[in-house]
1. So, in the range 123-134, exactly how many residues are within 18 Å of Pro55 (Cα to Cα) and either open to solvent by 50 Å² or more (accessible area, probe 1.4 Å) or among the β-branched types (Val, Ile, Thr) (or both)?
2. Are there any pairs with C-beta distances below 6 angstrom linking a residue in the range 67-88 that is in contact (Cβ under 8 Å) with a residue 24 or more places away in the chain and in the same structural domain as Gly40 (by the TED database) to a residue that is among the acidic types (Asp, Glu) and outside any helix (DSSP H, G or I), with the two at least 6 apart or on different chains, and if so which?
3. Is there any pair with a first residue in the range 244-261 that is assigned by the TED database to the domain that holds Gly272 and within 23 Å of Leu93 (Cα to Cα) and a second that is aromatic (Phe, Trp, Tyr) and open to solvent by less than 70 Å² (accessible area, probe 1.4 Å) whose Cβ atoms are under 9 Å apart and which are 6 or more apart or on different chains, and what are they?
4. Considering only strands (runs of 3 or more DSSP E) fully contained in the range 214-294, which possess at least 3 residues that are farther than 27 Å from His29 by Cβ?
5. Please work out if Lys145 is at pLDDT 95 or above, assigned to a strand (DSSP E or B) and over 25 Å from Leu18 (Cβ atoms).
6. Just to be sure before I move on: is Arg41 within 19 Å of the chain's Cα centre (by Cα) and either open to solvent by 60 Å² or more (accessible area, probe 1.4 Å) or at pLDDT 95 or above (or both) in the structure I sent?
7. Looking at Glu198, Glu181, can you tell me which residue is open to solvent by less than 50 Å² (accessible area, probe 1.4 Å), over 30 Å from Asp62 (Cα atoms) and free of Cβ contacts under 8 Å to residues at least 40 places away in the same chain?
8. Among the candidates Ile173, Ile180, Ile186, Ile211, single out the residue that is assigned to a helix (DSSP H, G or I), of a type in the set (A, V, I, L, M, F, W, C) and at pLDDT 95 or above.
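The values are calculated or read from the model by the stated rules, or taken from the named source; none is laboratory data. Owing to the predicted nature of the structure, the values given are computational and were not obtained by experimental measurement. Don't worry about glycine lacking a Cβ; one is built from the backbone with ideal geometry, like all the others, and counts go over all protein chains shown. Accessible surface is based on the protein model in full, side chains and every heavy atom, while ligands, DNA and RNA are left aside. Shrake-Rupley method; radii C 1.70, N 1.55, O 1.52, S 1.80 Å.
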Amino acid sequence: MYPNEWDCIIIGGGIAGLQAAIQMGRSQHKCLVIDSKEDGRSTLCKDYRNILGWPDGISGIDIRALGREHAEQTGNQFLKDHVTKLKKVGSRLHVHTDEHEFTTHTLLLATGITDRIPPIPNLKDCLGMTVYICTDCDGYEVIDKPTLVLGSGEAGANFALSLLYWTSQVTYINHEKQDIEDDLRIKLEENGIRYIEETIQSVEKAGESEIKGVFLVDGRFIEGERAFIAFGGNDVHTGLARQLGIDVLNNRHIHVDPRTKETNIENVWAAGDIVSHSEQATIAMGEATQAAIWIHKRLMKLLKE
């Protein structure tokens, strides 16, 4: 049985949610972490290589398992359930799930995003190892290597151009054959980026996760030692935030106070990929810690009232 009332509820059990929970537990607050699927974005990455302390990399699944163990050691509780409704009544926040109803003094949203990844065979097997999402995270991994951009329309074209800092050997495959403006096509050509407009049939891999290239529907095989995906249209999970009237920017991410990570709704914070310009694991950790520190400061006042 779970108590009905909490000092803090964290919605989302990914890297941001877990880091915040660790901080909340160390601050000795009664905190519940609710995660509906336990299969968020970080579970797809088989090897984070830009995180302090893991020079040889660590998988998203492993870091989440370690994070949950750490969070539980500091007294947090976890619930696998789907949050359906949020409502603020007076100073309290009401959290409804499929199975429960809770009230809490404070709330942290760490619901993240879902990347749009078409169901191309073998693609997800290579994520984080030889196929990547973000140049800020993994541009280093493709230095001077033949690199494919598996994408769609102008999102993929612009991504291909951004890769030129890391490698001049770039091939862009417009998987969905979405239109590209003529001036952008010319930029690809001028910069030596090979452009292919054809549907990808499958990823060819060696072993469990080493991409060797892709087979196209027309029968061609396009070689590549590394790849990035750039399909655009990621799903930013702001549905619950909108229920509370939280400010959501034009880029579909949540606006927060840069110092405290509190949203425009009092006693509600947000951290991680759901926040604008935060789509990196290390940034999610920092923001979550920052948010939890300010949640603690608020609770020190609220619990005295």
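1. So the count comes out to 2.
2. Asp81/Asp98; Asp81/Glu99; His82/Asp98
3. Val256/Trp269; Asp257/Trp269; Asp257/Trp294; Arg259/Trp294; Thr260/Trp269; Thr260/Trp294; Lys261/Trp269; Lys261/Trp294
4. Fully inside the range 214-294 and qualifying: 221-223, 226-230.
5. no
6. no
7. The match here is Glu198.
8. That would be Ile186, the only listed residue that is assigned to a helix (DSSP H, G or I), of a type in the set (A, V, I, L, M, F, W, C) and at pLDDT 95 or above.
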